[in-house]
Amino acid sequence: MLDALSPDEVVASVSRTGALKGHSRLDKVFFSSVFAGSLLAFACGTLLSTNAAAWYQDNAGGLIRTLSSLVFPYGLAMIILCGADLCTSSFLFTTVAALNRKLSWWRMLVHWFVTFWGNLAGSLFVMALIFGYGEVFSADPYKSEVISYANKKQVTPEFHMIFLRGIGCNWLVSMGCYFALQGRDLSSKLMGIWWPIFGFVSLGFDHVVANMTLIPMAIFLGAPEISVGLYIWKGIIPTLIGNIVGGALFCSVYFWYMHLMEVETLPFVKQKQDESQSENGQGGPHKDDIEARAGMISATA
């Protein structure tokens, strides 16, 4: 038997986590988001340094992408295990909580807003102070790879392509968060995080917080074809919208619909409530019972 939470328990835990995050003090949410953006920036740096292999780029592009994709997930692993706030995971957690009426829609949107700007602040801090002025990528082949990678992300694809890649990205990131909650031990959580994140990087999808390091780094190094305006137009707007759709619609609505929506009306739930009423004189809704069994999951994103 697998030592993991059931899908019902996981989604209930997602709802509970989203409610806790949505009701947190905004100053804590902001600094947690800064921390998350900083941690993901380190993983972006590893991704770029791994990609800076000229022979592989020319002769085995798919292989070097696979290798860099295998190391990148340590960023999200650190974020989830630290309990920091990433706006893309917030699109999953807080949406499920709002749909489950554990969080108001206004608080959900506020949480999205604060986490986005906190992630941006943390990403730019590491990008400029540590990578930039630390001259981590100032010499070739690293400088060339940073600029080439950013061009492939911003200059080559059209707006709608980036939007669609953003959907696929946060669909997989949300699954990584889901699996992190499902596992009960550290190794299970790490394994659950690793493979969906590997998937989105290996497929070349766009993550709005990762782009906060990858594209500004190229601008810092003087990429001739990329400006701040282009980054906002094609690095933030379509990616952010796509990430929202992928996390909030493709994952959150599905999970809520399948595991939380009107769950009390199922026949076995009514039987459970009747038995509870006969024994204790009262009965609770099944979804609250699931949340109680799921408990507090410390490893959340």
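Annotations for the structure displayed:
- Using alpha-carbon coordinates, inclination of helix 159-182 to the longest axis of the chain, degrees: 50 degrees
- Selected from A54, A150, A77 as most flexible by GNM, with the chain as the system and alpha-carbon contacts under 10 Å: A54
- Carbon plus sulfur fraction of accessible area for the chain, probe 1.4 Å, in percent: 65 percent
- Note on E158 and L186: their simple-model spin labels are 4.8 nm apart, each label 7 Å out from Cα toward Cβ.
- Packing-based order for 185-191, 171-177, 232-238, 155-161, using average beta carbon neighbours within 10 Å, highest first: 171-177, 232-238, 185-191, 155-161
- For L103, distant residues with modelled amide H under 5 Å away: A98
- Accessible area in square angstrom per residue, region 7-260, 1.4 angstrom probe: 41 Å²
- The packing ranking, built from the mean of other Cβ atoms within 10 Å per residue, places the peptides 107-118, 205-216 in the order 205-216, 107-118, highest first.
- Here the spin labels are modelled as points 7 Å beyond Cα on the Cα-Cβ line, and at L203 and V253 they lie 1.8 nm apart.
- Residues considered: R65, R165, R25. Largest GNM mean-square fluctuation over the chain, using C-alpha springs under 10 Å, is found at R25.
- Alpha-carbon centroids, region 196-215 and region 23-40: separation in whole Å: 20 Å
- Calculated mean residue ellipticity, 222 nm, the chain: -22000 deg cm²/dmol, from DSSP H runs (n ≥ 4) at -39500 (n - 2.57) each, averaged per residue and rounded to 500.
- The count of lysine pairs in the chain with alpha-carbon distances below 17 Å, taking only pairs 8 or more places apart or on different chains, stands at 8.
The values are calculated or read from the model by the stated rules, or taken from the named source; none is laboratory data. Because the structure is predicted, anything quoted here is derived from the model rather than measured. For neighbour counting, all protein chains shown are included, and Cβ atoms are generated from backbone atoms with ideal geometry for every residue, glycine included. Ligands, DNA and RNA are stripped out before the accessible areas are found, and what is left, the full protein with its side chains, is counted by its heavy atoms. Shrake-Rupley method; radii C 1.70, N 1.55, O 1.52, S 1.80 Å.
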